[in-house]
1. Looking at segment 52-75 only, could you name the residues that are on the phi < 0 side of the Ramachandran plot and in contact with a Cys (Cβ under 7 Å, 6 or more places away or on another chain)?
2. Looking at Thr309, Thr351, which one is surrounded by fewer than 19 Cβ atoms within 10 Å (Cβ to Cβ) and either hydroxyl-bearing (Ser, Thr, Tyr) or not assigned by TED's automatic domain parsing to the domain that holds Ala244 (or both)?
3. Tell me which of these Glu329 doesn't satisfy, since it passes every other one: (1) over 18 Å from Ala281 (Cβ atoms); (2) of a type outside the set (A, V, I, L, M, F, W, C); (3) at pLDDT 90 or above; (4) buried (at least 17 other Cβ atoms within 10 Å of the Cβ).
4. Looking at Gly41, Gly65, Gly12, Gly88 in this structure, which one is free of Cβ contacts under 8 Å to residues at least 12 places away in the same chain and of a type outside the set (D, E, K, R)?
5. From the residues in segment 190-212 that are small (Gly, Ala, Ser) and part of a helix (DSSP H, G or I), which one is surrounded by the fewest Cβ atoms within 10 Å (Cβ to Cβ)?
6. Could you grab me the full set of residues in segment 95-119 that are closer than 13 Å to His3 by Cβ and out of contact with any strand residue (DSSP E or B) (no Cβ under 6 Å at 6 or more places or on another chain)?
7. Based on this model, can you work out whether Ser165 counts as more than 21 Å from the chain's Cα centre (by Cα) and outside the structural domain of Gln334 (by TED's automatic domain parsing)?
8. Would you point out which residue out of Thr13, Thr105 is surrounded by fewer than 16 Cβ atoms within 10 Å (Cβ to Cβ), within 30 Å of Glu155 (Cβ to Cβ), out of contact with any His (no Cβ under 8 Å at 6 or more places or on another chain) and among the hydroxyl-bearing types (Ser, Thr, Tyr)?
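The values are calculated or read from the model by the stated rules, or taken from the named source; none is laboratory data. All figures in this text were calculated on a predicted structure; none of them were measured in a lab. FYI the Cβ positions are ideal-geometry reconstructions off the backbone, even for glycines, and counts take in every protein chain you see.
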Amino acid sequence: MPHYFRDFHCTGTACRDNCCCVGWEIEIDPDTAQAYRNMEGELGDRLRAALYEEDGCTCMGQVDGKCPFLDPQNLCSIQQILGADMLGEICREHPRYYAWFRGLTEAGVGMCCEEAARLILSDPAPDTFLTEESQEDNDFDYDPAVFDALFAARETAFQLLQNRSMPLTERLALFLVFADGLQEDLDLDEPEQIYQDIRQFSDTAYCKALLNTLSVRSRQDPDHAAHWRALLELITGLDILDTAWKRGLEQLAEQPEVLFCKGHAFRETAAPFAYAFEHGAVYHTYRYFLKAVFDGDLVAKAQLTVIATLILGVCCMADWNQSGTLSLEQIIRQAKIFSQEVEYSMENLDTLAEASYRTDVFHTQGFVSMLLGQSNV
């Protein structure tokens, strides 16, 4: 678990963006749904009336985009009356998340919650991870050699992303090229080759020479603006609930050069907050990288890390261009919006993964150009 995992506490009425009020579908686990259906009295009647079935799942209906069991202070009346044990699993655990592997459970908190995003992004120190013994006995059918290699590769990815001797854009470029090579190893069913890639990208001289090559190629890329436009158009084409956020990205997609000409000034303004962008990249890598052991699709997960960082950067840049200032709270807000709108929509995540294979400009060199080109954020 990340070092901050145990520090999360819901802020309740102090939350400016109650998770139960964002229009999400609230799935109720089978045991809780059955308990609600069997409950007597007025509350039981209300619970049964609010439940509905969709695609084999039981969900809680919403009224005006919010859970009908919130009181005027946006606190949960189910919890107040029945206790936290009677909440559905999602309501009880959110924004905590878990990933299960053979003999290993990984836990974290999601940036869709503003307090979790603040916890993740605010500490200037690099991320660290804690391990403790558990009684859980997970068992999954995957190649343990692939998992071991990916686990070791993720440690190298963390080292690349947290190497503060170079700008984050360079770290992300190396990370993505590293993941691209790992994807080739997975495609060829050669997990042992992953360890050779780890050795290469742990070599400072190798990384420096590679960066020189990537930088020259990126500065000479005539399609730099086209890569940005394609990414922004892809994001605005997703299922986005926040219309103001979507419109802002649409405006950027129309003429990205207008904003990026101010890139140097923005980088100077954002430099004191570089750690926050780094934490966001580490968060996405921790949460998604190892899941490639199940589907073999590592490069899409690495691209998600880069996409989230690029969109966070460009949205903060737009904020700064409009207001003339940049604060940690602005960065937290933008990170939370991306998480709510993109990361917490399986449909949107699937669209981004598919784009890795079905678009001509959505590829590793295109992303490297956005990261290292002269107009990059």
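1. Those that are on the phi < 0 side of the Ramachandran plot and in contact with a Cys (Cβ under 7 Å, 6 or more places away or on another chain): Tyr52, Met60, Lys66, Cys67, Phe69, Leu70.
2. That would be Thr351, the only listed residue that is surrounded by fewer than 19 Cβ atoms within 10 Å (Cβ to Cβ) and either hydroxyl-bearing (Ser, Thr, Tyr) or not assigned by TED's automatic domain parsing to the domain that holds Ala244 (or both).
3. (4)
4. After ruling out the rest, the residue left standing is Gly41.
5. Filtering first and then ranking leaves Ala205.
6. Filtering segment 95-119 for residues closer than 13 Å to His3 by Cβ gives 107-109, 119.
Across segment 95-119, the qualifying residue is only Leu119.
7. Answer is no for this residue.
8. After applying the criteria, what remains is Thr105.
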